[in-house]
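K.L.:
Sharing a structure, written as structure tokens. Questions coming.
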Amino acid sequence: MKNEFVEKYSELAPEPKKFFKILGIPQKPAIRICTNKISRGELIKRLENLGWKLKQVPFYEDGFVIESKIRPGLSIEHFMGYFYMQEVVSMIPPVILNPKQNDLVLDMCAAPGSKTTQLSELMKNKGLIVANDNDVMRLKLLNYAIEKCGCLNIAQTMMDARFITRMHKYDKILLDAPCSSEGQIRKNPEVLKNWNQAYVNKFSELQKQLIDSAFQLLNNNGVLVYSTCTFSPEENEEVVDFLLKKYPDARVEKIKLKNFKFSEGISSYGSRKFDAQVRNCARIWPHHNDTGGFFAAKIVKT
């Protein structure tokens, strides 16, 4: 593990010994039931009859951790699109956004489609989701996920999310931003090979441009969820603080997750002091719930 990474998170992480230890332990697979294709009860019964041991995600009734040693991606149920393989922490942003059936929703960086298809299921295949990405190969993955999960309320676009046309405003926006992916180390240890502080800073600048664009696309009283799968304050609290300083009509709401442990956002980092509202953000550390790492902020345009 890189010394620079260890030094940074020895200061930032709660219980750093536990934090560094769990990064070396692979996490259990998790699935999300695709309720556009099959009911929760029917699939659970089907999987349990096959000998699967499932543990429900506490904050989301259609999410399950697989406790048995199996390869879910090889099952016929996965092939049929009855469930989507998705990390537990990845299920958090759509739950926080809480889209309704008549909402106009924008997923700004949608591919490969885990959260997009979850949004569709939360909306019961109604309303409209505009799913955007800026890469044609990633859009192919998104399109595959949409078709496989039986989603009928999604329109796809391809453009740089920093420059999405402001012709339309949205009720709900999900910005699951590109990031340094530190929270995925348990899933992919190769993440650490590319990691350095310059890499983090580069993403921070991009994320600030993206969240600025997102807020301008939001209706009054609309909700924006900003999320990353990383621990860096430069990519998390600093980005939210940037938005709050630029837009007085932005308000960060406190996040609540049922029976799931998380830390509040940090109020300062180094010489930087953040807006007090940043404490309403959620930091998910992997050793608190045996998951990947994550960050989420729920922002309302007043």
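The values are calculated or read from the model by the stated rules, or taken from the named source; none is laboratory data. These numbers come from a predicted model, not from an experiment. Every residue, glycine as well, gets a Cβ built from its backbone with ideal geometry; the counts of neighbours run over all protein chains shown. Accessible surface is based on the protein model in full, side chains and every heavy atom, while ligands, DNA and RNA are left aside. Shrake-Rupley method; radii C 1.70, N 1.55, O 1.52, S 1.80 Å.
K.L.:
Counting only C-alpha contacts under 8 Å and six or more residues apart, can you give the relative contact order of region 1-136 as a whole percent?
P.N.:
Reported as a whole number, the value is 21 percent.
K.L.:
Quick one: how many Å² of M85 are accessible to a 1.4 Å probe, rounded to 10?
P.N.:
Accessible area, nearest 10 Å²: 80 Å².
K.L.:
While we're here: Roughly speaking, what is the stretch gain from N143 to K100, that is 0.36 nm per residue apart minus the C-alpha to C-alpha distance, in nm to one decimal?
P.N.:
The N143-K100 span can extend by a further 13.2 nm.
K.L.:
While we're looking at this one, here's another question. Before anything else, pin down the relative contact order of the chain: Cα pairs under 8 Å, at least 6 apart, normalised by residue count, whole percent.
P.N.:
18 percent
K.L.:
Still on this structure, I have one more. For n ≥ 4 DSSP H runs only, could you compute -39500 (n - 2.57) per run for the chain, divide by its residues and tell me the 222 nm figure to the nearest 500?
P.N.:
That calculation yields -9000 deg cm²/dmol at 222 nm.
K.L.:
Restricting to region 133-280, compute how many DSSP beta bridges are antiparallel as a %, nearest 5.
P.N.:
Beta bridges within region 133-280, antiparallel portion: roughly 20 percent.
K.L.:
While we're here: Accessible area, 1.4 Å probe, largest first: how do L142, L122, L257 sort?
P.N.:
Putting L142, L122, L257 in descending order of accessible area: L122, L257, L142.
K.L.:
Now for a separate question. For region 224-302, what's the relative contact order in percent, using C-alpha pairs closer than 8 Å and at least 6 residues apart?
P.N.:
43 percent
K.L.:
How many lysine pairs does region 8-47 hold where the Cα atoms are under 29 Å apart and the two sit 8 or more places apart or on different chains?
P.N.:
9
K.L.:
What nm value, rounded to one decimal, do you get for the distance between K246 and A198 when each label is placed 7 Å out toward the C-beta?
P.N.:
If labels sit at K246 and A198, their model points lie 2.5 nm apart.
K.L.:
Measure up K2/K256; K126/K202; K140/K202; K172/K246; K55/K140 against 28 Å on the Cα-Cα distance and list the ones that go over.
P.N.:
K2/K256; K126/K202; K55/K140, as the Cα separations exceed 28 Å there.
K.L.:
Let me ask you something else. As a test question: what accessible area, to the nearest 10 Å², does I70 have when a 1.4 Å probe is rolled over all protein chains in place?
P.N.:
60 Å²
K.L.:
Could you pull the accessible area for V130 with a 1.4 Å probe, rounded to 10 Å²?
P.N.:
Per-residue accessible area (V130): approximately 20 Å².
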